[in-house]
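Participant: Take this structure first; my questions come after.
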Amino acid sequence: MSADTKIGLTLSSGVALGLAHIGVLKAMEEEGIPVNMISGTSIGALVGAWYAKEGDAATLEEIASEINWKEEALLVDLNIALMWKGLIQGQKIKSLLTHLIGDVEFKDLKIPFAAIATDAQSMEEIVIDEGSVIEALRASISIPAIFTPARWQGRFLVDGGIVNPMPVDVVRKMGADKVIASNTAIVTRRNIVHTMQLQEKEKNAISSQLHTDRSHLLSIKQKINALMQENKDRAKAIDEFSQKARKRFQSPSSSKIDTQTPNMFEVLTQSLHAMQYEKILRSAKLADVVINPDVSNIGTFDFFRAEEAIHQGYKATKEILPEIRKKIYSPPS
């Protein structure tokens, strides 16, 4: 590989499964594989934006592993009055993203980055690479029916995974000579009912990998805790309501629906994943290397299993290193 060869990284959609991208970045850092530009969709855009700003996978790993996802879920601003436009309005999510990444613009990032979204009316692919990073992420992660569409430059945008779940072509257009793609959008599920506990051996392997600058991590945690304090009354009310609703609808007399029936969010996102299948296959052909972390046993919204997802991304990248070296580093014959 010549000194002026530009390596692009593209990070797919995948909701909680996309946390595996953090492990991919960590393994690439350890191997000294440079990332000169990044494109990302949905969760891939979120991970990519963080890395483009900080260039540090270890801190992001600790944040994702240690964050209390149950508490953060209580920050959602349910849009009950206008729920036909989307269950979650998204302002609280934007606040959380700002605390995680900062109120930055694309021009402030260390690494060139582009986020993918979809025009909700024309179904046109929208590549966002200028202006507010937070506004771009709010659009890129907006799963239809779950989030209200995001307003951006006179358009209404939703999740980019609808049109381009693994934007290899975008990072090529950004100038990448070689492209590494991380795919968590399409996985084969071995089962739906899965355990929340990792094997002890896996836990130890994951824990031994954690390392970072604690001061930076502490600062971010303090910001998130402050955000929780600002919304503690709202969070408490939502928690109490959800507990009462759960008891009501789980009572034997209230319903005869099998308790193992997938919830509507799981079904919706799995349907989106199924529609993305051919798009992923086409994108994979444009990449030099595709990394496929084994996140088949992680649920779509299992953010609390971040350590496992990250570990699988790390493991998959390490296992494919010979191919990366061959296709990225070997000079042309």
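The values are calculated or read from the model by the stated rules, or taken from the named source; none is laboratory data. Because the structure is predicted, anything quoted here is derived from the model rather than measured. For neighbour counting, all protein chains shown are included, and Cβ atoms are generated from backbone atoms with ideal geometry for every residue, glycine included. Surface accessibility is based on the protein's heavy atoms, side chains included, excluding ligands, DNA and RNA. Shrake-Rupley method; radii C 1.70, N 1.55, O 1.52, S 1.80 Å.
Participant: Can you compute the modelled spin-label distance between Leu286 and Gln153, with each label point 7 Å from Cα toward Cβ, in nm?
Facilitator: 1.8
Participant: Just how much of Met275 is accessible, in Å², when a 1.4 Å probe is used and the result is rounded to the nearest 10?
Facilitator: 130
Participant: Separate question: What GluC sites (Glu not before Pro) in region 100-169 are in a loop by DSSP, with at most 15 other Cβ atoms within 10 Å of the Cβ?
Facilitator: Answer in residue order: Glu124, Glu130.
Participant: Sort Asp177, Asp302, Asp4 by heavy-atom solvent-accessible area, probe 1.4 angstrom, most to least.
Facilitator: Asp4, Asp177, Asp302
Participant: Using the structure shown, list the pairs from Lys53/Lys285; Lys285/Lys315; Lys94/Lys318; Lys110/Lys315 with a Cα-Cα distance above 32 Å, or answer none.
Facilitator: Table pairs above 32 Å Cα-Cα are Lys94/Lys318.
Participant: Still on this structure, please answer the following. Using the Karplus curve 6.51 cos²θ - 1.76 cosθ + 1.60 with θ = phi - 60°, what ³J(HN,Hα) values do you get for each residue of region 128-140, in whole Hz, with x for Gly and Pro?
Facilitator: Each residue's phi maps through the Karplus curve to give 10, 9, 8, x, 6, 5, 5, 4, 5, 5, 4, 6, 5 Hz.
Participant: On a 25 Å Cα-Cα criterion, which of the cross-link pairs Lys107/Lys326; Lys173/Lys327; Lys107/Lys173 come out too long?
Facilitator: Lys107/Lys326
Participant: Could you work out how far apart the two model spin labels at Asp4 and Tyr277 are, taking each label as a point 7 Å from the Cα in the direction of the beta carbon, and quote it in nm?
Facilitator: The answer from the label model is 4.4 nm.
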